[in-house]
Structures are given as structure tokens and as C-alpha cells.
Amino acid sequence: MRYHGKEVFFERDELIVSKTDLKGKLTYTNDIFLKIAGYTEEEVIGKQHNVIRNPNMPRVIFKVLWDSIMAGNEIFAYVVNSTKNGDHYWVLAHVTPSFRDGVVVGYHSTRRVPNPDTIKNVIEPLYGSLKNIEDTDTSKKDGLARSHEALLALLKEKNQSYNEFIASLIRGD
């Protein structure tokens, strides 16, 4: 995958944290989020979380993520984000619904440093393939559907759910 700008890193003991409302607008960001992404709190609070979305990120991963959290489930995902100045950084995101009195009121995401070998050897090739499928279709909707089919075929071949696949990568299986 080709990226604009340079790769930015954060420390293994640092966690990037953000919270959103039900529509994905940021309601909270921690100092690490702001430092790595290069924004001030005033620039991001109330904005869509996708303000940091990297154009190389396959849309299908966000489809899987949103389908999961909107169903009330947590999910782990590898994500490449963009900084304000166009650099990029990889994270292993844990996204979960936030509940109040049994009702989902927003979403919470904690991101940590991913294993660089997993990114290079598994995630970048997979995401490059999925993104290529999405980009080669004249219809964004059809490209997303074909990319989703490709991801589901991979998971079926591995006999794993998406979360099982990600868990196997985290464990290094």
C-alpha cells in the first residue's frame, strides 16, 4: 500500500482513546489522540470520527465494525488513520458500544500499538486487496459489496469469524 506523508508512531504504553455519539461524532478524545493526530480538542469535538480516516483504509472494514457495534457487540480491528498534516499511523482498535440503563448511547474506542510484522505481512496485503476491489468498481456500493464478499470468503476459508481472525493475529497464531 502507498501512503502519503510519513508513518507516525506512539509508545507501547500509550493508549489512544475516543468516544462518539450514536452518529459517530466525537464527544471525547484523550491527549494521546490529539498528539498523534495533530489536532486540538476544539478542532475535533463534534466532528465525525472519520476526520482521521485514511484514504487507503478499505471501507469494508468500517462496514464490519459499524455492523458489529450497532448490534451491541464489541470488535477489534486494525486501522490506518491519517494525521491532520497527512501523515499516517496504524492502530489496533477495540471499539465497543457505551450503554446507559441498557441502551446504547454512544461508542468508545481504545487503540494500542499493533504488531508491525502483522501489519506488514498480513494486514497491508489484505487491505490492499480489499481496497483494490473497492476502487476498481464504478459503483462505490458495488465495490463495497464485492469487497465484503471477498472478506467473507477469506473468513470462510479460515473457518473463522472476523473477531476470531483478528484474535488469531493478536495472539500470533
Scanning the range 52-63 for residues that are buried (at least 19 other Cβ atoms within 10 Å of the Cβ) and in contact with a helix residue (DSSP H, G or I) (Cβ under 9 Å, 6 or more places away or on another chain), the one nearest to G24 (Cα to Cα) turns out to be I52
Within the range 52-93, the residues that are basic (K, R) and either touching a strand residue (DSSP E or B) at 6+ places or on another chain (Cβ under 8 Å) or in contact (Cβ under 8 Å) with a residue 60 or more places away in the chain (or both) are R53, R59, K63
If we keep only residues of the range 36-51 that are surrounded by fewer than 17 Cβ atoms within 10 Å (Cβ to Cβ) and touching a residue at least 40 places away in the same chain (Cβ under 8 Å), then the residue farthest from the chain's Cα centre (by Cα) is E43
The lone condition I166 fails out of (1) among the β-branched types (V, I, T); (2) touching a Phe, Trp or Tyr at 6+ places or on another chain (Cβ under 7 Å); (3) modelled with pLDDT under 95 is (3)
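Okay, residues lined up against (1) under 18 Å from L130 (Cα atoms); (2) in a helix (DSSP H, G or I):
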| residue | (1), (2) |
| --- | --- |
| Y39 | no, no |
| F62 | yes, yes |
| L65 | yes, yes |
| Y78 | yes, no |
(1) among the charged types (D, E, K, R); (2) modelled with pLDDT of 95 or more; (3) closer than 22 Å to E124 by Cα all hold for K19 apart from (3)
Filtering the range 11-21 down to residues that are surrounded by 13 or more Cβ atoms within 10 Å (Cβ to Cβ) and over 16 Å from the mean Cα position of the chain (by Cα) yields E14, D21
When every residue in the range 91-141 that is assigned to a strand (DSSP E or B) and aliphatic (A, V, I, L, M) is compared, the one farthest from Y78 (Cα to Cα) is V103
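The values are calculated or read from the model by the stated rules, or taken from the named source; none is laboratory data. None of these values were measured; they are calculated from a predicted model. Here the Cβ is made from the backbone with ideal geometry for all residues, glycine too, and neighbour counts use every protein chain on show.
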